[in-house]
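Below you'll find the structure, written out as structure tokens, and then a few comments.
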Amino acid sequence: ATMGGSKNPRTRRTRPNVLITGTPATGKSSLAERVAAAAGMTQYDVSKIAKAENLCESYDEAMDTHVIDEDKVLDHMEERLGTEEGGVVVDYHSCDLFPERWFDLVVVLTCDNTELYERLESRGYSEKKIRENVECEIFQTVVEEARDSYAEEIVRVCPSNDIEEMELNEKDVLEWINKWG
């Protein structure tokens, strides 16, 4: 699927902001890193920044994960994403917490359940955490979340099962960025 490049009329950003979302292990950080580097944009890994800047509320022992303080994270992000500068590639496994006005393109990465299971297992995730993430993917939770939170025309759902698909996604996003404006 190619991505149509149209500028969001509500913004006067110099460069677009892109959100890359999807279930953990679908390839968000890799894609965000590659797109940001190739397009000369800033990568914003929400989980990493939340940990580094002490923007976490708690630690969920059962899920073996940090719980971000959404208000603090959003305030931190607003300083950069709320500006006219743009040029930020954000990656996070959820998308309904962000204001719609921040993003010009929302990319949801999806992955085959077996492939996803293996990727999560190779990260050393617990059986419970793997199961919950695979179920999340089966029910297309993040896809639904994106479609409910953003205008239909800016949401792109992209399979991310192998290197070929990952490279195609990178190419498509970069093409979209180059056409924007």
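Before moving on, here are some points about what is shown:
- In a fully extended conformation the segment linking Thr14 and Glu127 would gain 36.2 nm over its present Cα-Cα distance, using 0.36 nm per residue.
- Portion, in percent, of the accessible area of the chain that falls on carbon or sulfur, probe 1.4 Å: 46 percent
- Taking every alpha-carbon pair under 8 Å whose residues sit at least 6 apart, the chain reaches a relative contact order of 37 percent.
- Inter-label distance for Glu33 and Asp96, nm, one decimal - labels placed 7 Å from Cα along Cα-to-Cβ: 3.0 nm
- Beta bridge orientation in the chain: antiparallel %, DSSP, nearest 5: 20 percent
- Ordering of 98-108, 28-38 by burial proxy (mean other Cβ atoms within 10 Å per residue, highest first): 98-108, 28-38
- Checking the cross-link pairs Lys28/Lys72; Lys72/Lys179; Lys48/Lys179 against a 25 Å limit on the alpha carbon distance flags Lys72/Lys179; Lys48/Lys179 as lying beyond it.
- Heavy-atom surface of the range 56-181, accessible at 1.4 Å and reported per residue (Å²): 53 Å²
- Taking the helices alone, the chain has a mean residue ellipticity at 222 nm of -13500 deg cm²/dmol, built from -39,500 (n - 2.57) per DSSP H run of at least 4 residues and averaged over all its residues.
- Cα-based convex hull volume of the range 1-150 per residue, rounded to whole Å³: 122 Å³
- Contour excess over end-to-end distance, with Cα ends at Thr65 and Glu78 and 0.36 nm allotted per residue: 2.3 nm
- Dimensionless Rg over Rh [the range 91-167; C-alpha; Kirkwood]: 0.99
- Each Lys or Arg adds one and each Asp or Glu subtracts one; over the other residues with Cβ under 12 Å from the Cβ of Asp71, this totals -4.
The values are calculated or read from the model by the stated rules, or taken from the named source; none is laboratory data. If you're wondering where the values come from, they're calculated on a predicted model, not measured in any experiment. Reconstructed Cβ throughout: ideal geometry from the backbone, glycine too, with neighbour counts over all protein chains shown. Heavy atoms of the whole protein, side chains included, go into the accessibility calculation; ligands, DNA and RNA do not. Shrake-Rupley method; radii C 1.70, N 1.55, O 1.52, S 1.80 Å.
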